[in-house]
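The values are calculated or read from the model by the stated rules, or taken from the named source; none is laboratory data. This structure is a prediction, so every number in the text was calculated from the model and none was measured. Here the Cβ is made from the backbone with ideal geometry for all residues, glycine too, and neighbour counts use every protein chain on show.
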Amino acid sequence: MAEADLSMYNIDIMRVSSCILLPRTLRVFERHAHRSHEAHYVIAGRGSFEVGKQQLAVRAGDFFYTCPNTTHRMIVPEGEYLLQYVAFLELDTDHDADLRDDLDALLGEGRIHRLGDRYHALFAQMSRQSLSNDRRQQRAASARMTGFLYDLMVDTPTASGIHPAVEQGLEFMRSHVGVPYSLHDLVADVALDKSYFIRLFKKNIGVPPMKYAMNLKMSAASDLLRTTTEPLAAVAARVGFDDEYHFAKRFKQWSGTSPGAYRR
């Protein structure tokens with residue numbers, strides 16, 4: 001049989017170059033623009049975004065995107081923090097024209113979509129895959145993002161394909177950023193055997209559950225250090241640490257620098 005000619009098909013080849021959890025040390029507050037589409041999904045906290053000439057109030061569960069070369073910046077109120085996944089999407093000028101047109105017509109740049117918490121696991125999975133060195137994992141992240149966008153455009157809830165206990169564990173972590181808890185507390189909430197849950201979580205998200213939980217807490221802490229003048233003890237307490245020295249040690253392990261140096 002002759003080889004099929006795929007040129008007659010307009011196949012989306014959008015690529016997710018990266019999907020990262022912000023804030024980290026690379027966080028930018030100044031107005032800036034990128035050459036790619038930029039998709040935002042907020043998982044905790046609140047703040048606002050300037051997109052072009054409009055300002056958007058955002059909170060946990062909100063999704064929106066910006067187009068290439070659109071100037072934008074994030075604004076976090078004093079005493080608040082903002083945790084979000086940011087995905088950079090590269091669309092081919094010719095092959096992805098339909099997807100680009102659909103995004104503009106059906107989702108709209110800078111238009112807030114209140115999605116709630118149900119996509120946390122999906123974005124965590126896309127983040128792990130997009131940052132993998134395995135090109136198959138990278139393509140899987142791009143395919144998931146394309147499916148997510150089209151499901152959103154036709155108002156169809158996206159199935160993440162992740163075990164419900166993992167999704168429940170992620171929600172527990174997100175809602176407990178500001179309080180101390182242990183692996184025992186987390187496992188009790190999902191009602192699974194500890195060893196089984198750890199394996200299940202790592203298989204789906206790519207890291208052990210408490211490492212991911214610490215990432216959420218340290219990301220929130222980095223925001224507070226950047227946007228407030230609260231004492232270190234107060235910042236530590238805001239992310240569930242009773243001991244500021246223990247917090248400082250964990251923060252340095254996470255960021256590579258002390259909280260005071262990070263703030264400066």
Residue count, the stretch 179-204, condition of a type in the set (Ser, Thr, Tyr) and under 22 Å from Gly240 (Cβ atoms), comes to 2
Go over the candidates Ala220, Ala234, Ala213 one by one and state the one that is among the aliphatic types (A, V, I, L, M), more than 29 Å from Phe63 (Cβ to Cβ) and not assigned by TED's automatic domain parsing to the domain that holds Asp117. Ala234
Taking the stretch 216-233 and keeping only residues that are in contact with a helix residue (DSSP H, G or I) (Cβ under 7 Å, 6 or more places away or on another chain) and either surrounded by 23 or more Cβ atoms within 10 Å (Cβ to Cβ) or not charged (D, E, K, R) (or both), one is left with Leu216, Met218, Ala221, Ser222, Leu224, Leu225, Leu232, Ala233
In the set Pro77, Pro68, the lone residue that is outside any strand (DSSP E or B), at pLDDT 90 or above and surrounded by 12 or more Cβ atoms within 10 Å (Cβ to Cβ) is Pro68
Within the bounds of the stretch 86-94, is there any residue that is small (Gly, Ala, Ser) and part of a strand (DSSP E or B)? yes
Taking the criterion of being closer than 23 Å to Arg46 by Cβ, part of a helix (DSSP H, G or I) and at pLDDT below 85, would at least one residue in the stretch 226-239 satisfy it? yes
Show the residue pairs that are 6+ apart or on different chains and have beta-carbon atoms under 8 Å apart, the first residue being within the stretch 107-118 and among the hydrophobic types (A, V, I, L, M, F, W, C), the second being part of a loop (DSSP other than H, G, I, E, B). Leu115/Gly61
Would you mention how many residues in the stretch 183-223 are part of a helix (DSSP H, G or I) and in contact (Cβ under 8 Å) with a residue 24 or more places away in the chain? 22
Give the number of residues within the stretch 70-100 that are over 30 Å from Ala237 (Cα atoms) and more than 21 Å from the chain's Cα centre (by Cα). 9
Take Asn204 and decide whether it is within 17 Å of His176 (Cα to Cα) and of a type outside the set (Phe, Trp, Tyr). no
Would you confirm whether or not the stretch 164-182 contains a residue that is aromatic (Phe, Trp, Tyr), in a loop (DSSP other than H, G, I, E, B) and not assigned by TED's automatic domain parsing to the domain that holds Leu83? yes
Across the stretch 80-125, what is the number of residues that are more than 30 Å from Leu224 (Cα to Cα), out of contact with any Lys or Arg (no Cβ under 6 Å at 6 or more places or on another chain) and either surrounded by fewer than 19 Cβ atoms within 10 Å (Cβ to Cβ) or of a type in the set (Lys, Arg) (or both)? 14
